[in-house]
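Participant: Can you read through this structure? Questions will come right after.
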Amino acid sequence: MHQLDVDILDEHIATFILSPQRQDGTEFEPTSIRAIISRLDQKLKRHKHPFSIMNEKGPQFSLTRETYNAKNKSLKKQVKITFF
């Protein structure tokens, strides 16, 4: 993973963010997805990867950040609809 090109890794992580579901078909909460991304970030850091997935300001991992933010917003909206 730490040897992949940043753009390819970015695409893989962004795709992953859109796909995880529990066995019952419900989606994971944003905090669970964020925890997984944090673990990936730690692994990259351990291998001295030059970029952070969620803490970068530049174009590195921008697709992942945008996808996560959109997914987070969507899931929060679903929760509001469910409770109201």
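The values are calculated or read from the model by the stated rules, or taken from the named source; none is laboratory data. Keep in mind the model is a prediction, meaning the values are calculated, not measured. Cβ placement follows ideal geometry from the backbone for every residue including glycine, while neighbour counts extend to all protein chains displayed.
Participant: What's the number of the only condition in (1) at pLDDT below 85; (2) surrounded by 12 or more Cβ atoms within 10 Å (Cβ to Cβ) that THR67 fails to meet?
Facilitator: (1)
Participant: Regarding the range 29-45, can at least one residue be identified that is under 14 Å from ALA70 (Cα atoms) and free of Cβ contacts under 8 Å to residues at least 24 places away in the same chain? Lay out the reasoning, then the answer.
Facilitator: Step one: of the range 29-45, the residues under 14 Å from ALA70 (Cα atoms) are 29-31, 33-34.
Narrowing the set further to residues that are free of Cβ contacts under 8 Å to residues at least 24 places away in the same chain leaves 31.
Yes - at least one qualifying residue is present in the range 29-45.
Participant: Among ALA35, ALA14, which is the only one that is under 21 Å from GLN3 (Cα atoms), within 10 Å of the chain's Cα centre (by Cα) and of a type in the set (A, V, I, L, M)?
Facilitator: Working: ALA35 fails: under 21 Å from GLN3 (Cα atoms).
So the residue among ALA35, ALA14 that is under 21 Å from GLN3 (Cα atoms), within 10 Å of the chain's Cα centre (by Cα) and of a type in the set (A, V, I, L, M) is ALA14.
Participant: Identify the residue in the range 26-40 that is part of a helix (DSSP H, G or I) and farther than 15 Å from ASN55 by Cα and, among all such residues, is modelled with the lowest pLDDT.
Facilitator: Here is the first cut: in the range 26-40, the residues part of a helix (DSSP H, G or I) are 30-40.
With the extra rule that they be farther than 15 Å from ASN55 by Cα, the set shrinks to 30-33.
Values: PRO30: 82, THR31: 87, SER32: 88, ILE33: 89.
Looking at residues that are part of a helix (DSSP H, G or I) and farther than 15 Å from ASN55 by Cα, I get PRO30.
Participant: Can you tell me which residues in the range 41-64 are outside any loop (DSSP other than H, G, I, E, B), touching a helix residue (DSSP H, G or I) at 6+ places or on another chain (Cβ under 9 Å) and not hydrophobic (A, V, I, L, M, F, W, C)? Before the answer, list the steps.
Facilitator: Filtering the range 41-64 for residues outside any loop (DSSP other than H, G, I, E, B) gives 41-46, 62-64.
Among the residues that remain, those that are also touching a helix residue (DSSP H, G or I) at 6+ places or on another chain (Cβ under 9 Å) are: 44, 62-64.
SER62, THR64, listed by residue number.
Participant: From the list GLU56, GLU11, exactly one residue is surrounded by 12 or more Cβ atoms within 10 Å (Cβ to Cβ), of a type outside the set (Phe, Trp, Tyr) and modelled with pLDDT of 90 or more. Which is it?
Facilitator: On the way: GLU56 fails: modelled with pLDDT of 90 or more.
The unique qualifying residue is GLU11.
Participant: With the requirement that a residue be out of contact with any Phe, Trp or Tyr (no Cβ under 9 Å at 6 or more places or on another chain), within 22 Å of GLN21 (Cα to Cα) and without any contact (Cβ under 8 Å) to a residue 24 or more places away in the chain, what does the range 46-65 give you?
Facilitator: If the condition is that a residue be out of contact with any Phe, Trp or Tyr (no Cβ under 9 Å at 6 or more places or on another chain), within 22 Å of GLN21 (Cα to Cα) and without any contact (Cβ under 8 Å) to a residue 24 or more places away in the chain, then ARG65 is the only one that fits.
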